[in-house]
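Q: Structure below; questions to follow.
The values are calculated or read from the model by the stated rules, or taken from the named source; none is laboratory data. Bear in mind the structure is a predicted one, so any value in this text is a computation, not a measurement. Don't worry about glycine lacking a Cβ; one is built from the backbone with ideal geometry, like all the others, and counts go over all protein chains shown.
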């Protein structure tokens, strides 16, 4: 694994992102040390997913720096972003499985389509990864539209961890799932994170998910991180924002307008 | 105090938006062409797209071609019979089909089918994060999605146009022989005598260019769609409209290049 104990694995400094006249990220700072599992919580519309996409380079930043293992993403050589992606696994909110490919090709995509692995070998590996998330070979040959929402999430997790990445990003892994399926997905993510020892950032507004997956939690509000600490301190954070979020109260500094 | 609105302002806005859109399309085209010539090459994808664009367009292209040939024979007869020039019908039919009607009508039909399909598929991928997922899996969406389709479009349209030329001529032949009293052998001989290599070659060059434009417009509008189902619908409409308009403009330019004296 790259990076020493002193060098953060993932470091976001002063991220600013505007859409038209609306500032969504306003100097956001976030650090995840090697092996950390960090959950970023916040109300809907606070820019959690935007920060996730900015960190990965999927959205251009207006200002700020993103560093992976101490190297600024902008300073990577021309093939650097692609190499960085090879070291990262990403789970999108809706799964983002490719409709036109069967599940096994989705899971083995990075190894088979853009890597050097042979088709038969990739199929074997995809089936093994799917088995780890509780999907059998029959599911491997189905298309995404033929699976339930929970099964799609499992397949998307299998795809995210297929290449044994160093960095894992999960965007709302339990959104739209019933509590039992959500708990199963949380356990799967926890297992993957423990097994891979990957530095993990999870975007979520599901506190149960954050408590189960993460060892550290950060709260995003008004385009900045307003509190960050160990997950054990979530209930005694001393932050009015976090307390309101934890208790799900309508009264407090967090209003319906996420930028307020 | 606010003055009267400038009546030229709306025209200026339209011109600026047109120039900006032209620039965006030009940049996208350059990026797509560069992506197409650089490895990795997704040949399996290109094969799938060749089937999708070429093979599955055969029914609609064949139907369009046969009725076009039949109508052309009937209309030519109506006109030429006034001057006792019915014998020119085979020449007019075959030259019109190979130079203009075969390539243009085939391309317009394929634009309606393929541009719309590409824009809808790519647009849905955009709004469901599948394009971003491609990037996170170390794939360049232009290389994986656009390059194979461009290759397939450029390669699939010429054979489709050749088939349309043959079917269209057969349509004209059926009407001319069955209804207008032409001798089959004489009709076919006249067709072959009138046909020059340049007629066919110009039609095939047009077909390849039209194939490029059809895929380009579908991909461009799909890549830039936003705003959920409504945005995808808008992208699909814009793809078909812009592909059709560009086909007509390109047809004029290529005809000018080949046949202007």
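Q: Checking residue B:133 against (1) part of a helix (DSSP H, G or I); (2) within 14 Å of chain A (Cβ to nearest Cβ); (3) free of Cβ contacts under 8 Å to residues at least 24 places away in the same chain; (4) surrounded by fewer than 23 Cβ atoms within 10 Å (Cβ to Cβ), which single condition isn't satisfied?
A: (4)
Q: Please list, ordered by residue number, the strands (runs of 3 or more DSSP E) wholly in region A:190-233 having 1 or more residues that are more than 16 Å from residue A:11 (Cα to Cα).
A: So the answer is A:216-221, A:224-230.
Q: Looking only at region A:44-72, count how many residues are within 13 Å of chain B (Cβ to nearest Cβ), part of a helix (DSSP H, G or I) and more than 22 Å from residue A:192 (Cα to Cα).
A: Residues that pass the stated criteria total 2.
Q: If the requirement is being part of a helix (DSSP H, G or I) and under 20 Å from residue B:247 (Cβ atoms), which of these qualifies: B:104, B:92?
A: When all the criteria are applied, what remains is B:104.
This table checks each residue for (1) touching a residue at least 60 places away in the same chain (Cβ under 8 Å); (2) more than 27 Å from residue B:90 (Cβ to Cβ).
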position	(1), (2)
B:174	yes, no
B:196	no, no
B:203	yes, no
B:223	yes, yes
B:227	yes, yes
B:231	yes, yes
B:252	no, no
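Q: Does residue B:203 satisfy the condition of being in contact with a helix residue (DSSP H, G or I) (Cβ under 9 Å, 6 or more places away or on another chain), farther than 20 Å from residue B:146 by Cα and part of a helix (DSSP H, G or I)?
A: Yes: the conditions hold for residue B:203.
Every residue, every condition in (1) more than 14 Å from chain A (Cβ to nearest Cβ); (2) surrounded by fewer than 20 Cβ atoms within 10 Å (Cβ to Cβ); (3) modelled with pLDDT of 95 or more, yes or no:
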position	(1), (2), (3)
B:115	yes, no, yes
B:118	no, no, yes
B:123	no, no, yes
B:128	no, no, no
B:139	no, no, no
B:143	no, no, no
B:146	yes, no, yes
B:155	yes, yes, yes
B:161	yes, no, yes
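Q: Which residues, counting only those in region A:87-116, are within 13 Å of chain B (Cβ to nearest Cβ), in a loop (DSSP other than H, G, I, E, B) and more than 18 Å from the chain's Cα centre (by Cα)?
A: Matches in region A:87-116: A:98, A:99, A:100, A:101, A:108, A:113, A:114, A:115, A:116.
Q: Could you check region A:73-86 and list, in sequence order, the residues that are within 26 Å of residue A:190 (Cβ to Cβ) and more than 12 Å from chain B (Cβ to nearest Cβ)? Don't jump to the end; show me each part of the working.
A: So in region A:73-86, the residues within 26 Å of residue A:190 (Cβ to Cβ) come out as A:84-86.
Result: no residue meets the conditions.
Q: Can residue A:141 be described as surrounded by fewer than 17 Cβ atoms within 10 Å (Cβ to Cβ) and touching a residue at least 60 places away in the same chain (Cβ under 8 Å)?
A: no
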